[in-house]
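Before any comments, here is the structure.
Read-outs throughout are calculated quantities, based only on the coordinates presented, and are distinct from any laboratory measurement. The structure displayed is predicted, hence computed values, not measured ones. With ideal geometry, Cβ positions are generated from the backbone for all residues, glycine too; neighbour counts draw on all protein chains shown.
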Amino acid sequence: MTMPFILDRDRMVTPAEQFAPSRAAEPAPSTAGLGWCLRIGDTLPDFEADTTHGRLRYRDWAAGHWTVFFSHPAAFTGVCTSEVLSLADAEGDLEERGIKVMSISTSALDEQRAWCADIAASFGIDVPFPMAADPSGGLSEILGMLDGTGLSQAPVRKTYIVDPDMQVRMIMEYPQAVGRSTAEILRAVDALQAHDRIGAATPADWCPGDDYMLTTRLTQRLDAQETLRFVRPVTSYLSLVSKRIDPRHAGRPALYSVTATEEDTP
């Protein structure tokens, strides 16, 4: 993978300048030996990389989409192969949610291309997403994706879920010996997108089709009639909200157009 990284200006900058956090009033956080660490709410930095789909600039490739950008230790390894197969199998589910996927590892580009060919030959599955090569580990280090234990220079299994505004909305991290969950990635995106649509929160173990939880943001959007129809107080600090308030469930374009039914009445 080649440097430099790309910013929204014409001049060259150092990694320290380029990856300064978006929270200008706060000092840049750090992890031991890994430099600045991305946090939820930060803007994922732009970069160019050589990938199995050609050379890509991240923001051009991701424009208008949610993205799952994840690191893994190396090509031709068992756990990584299982992750790639799982994400490839979920291609339709990802597309339905407007999600694009990109991986990154320190394996050379030719090695990753050979790995994709071997996956196709062994499992009959073409890897549908680009795999970025970062043989120097430079980008992986700047993005906080390298193993911080000192036991390995390979990336850990880190996942950034990024919205169409390029904001990091969720971060997941697994050690090298534990494969990540594609089902949890999909569930997390569903929860984030539901919050963006209607302003509701999602309780523990929530899955699409379950009821939501009331938030101040959603309360401000509801009138008294809608509150009676869709909100069920449980305690003074916890109220459940019918899934039918969500336009995706109701098949309606906005909250005010949702029509109550007998089932909706508490």
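Below 14 angstrom from the Cβ of Asp210, what's the summed charge of the other residues (Lys, Arg +1; Asp, Glu -1)?
Here the charged neighbours net out to +1.
Test of understanding: ordering Tyr160, Tyr212, Tyr237, Tyr174 by Cβ neighbours within 10 Å, fewest first, what list do you get?
Neighbour counts put them in this order, fewest first: Tyr237, Tyr174, Tyr160, Tyr212.
Only four residue types carry charge here, +1 at the Cβ of Lys and Arg and -1 at the Cβ of Asp and Glu. Report the dipole size of the range 205-252 about the Cα centre in Debye, rounded to the nearest 20.
It comes to approximately 180 debye.
For the range 132-189, what is the charge dipole size about the Cα centre, in debye to the nearest 20, if Lys and Arg each add +1 at the Cβ and Asp and Glu each add -1 at the Cβ?
So the magnitude is around 200 debye.
Using the 10 angstrom Cβ neighbour count as an exposure proxy, how do Trp115, Trp66 rank, fewest first?
Going from sparsest to densest Cβ surroundings: Trp66, Trp115.
Answer with one residue from Pro164, Gly179, Met145: the one whose Cα lies farthest towards the positive end of the charge dipole of the range 140-183, charges on Cβ with Lys, Arg +1 and Asp, Glu -1.
Towards the positive end, the residue furthest out is Gly179.
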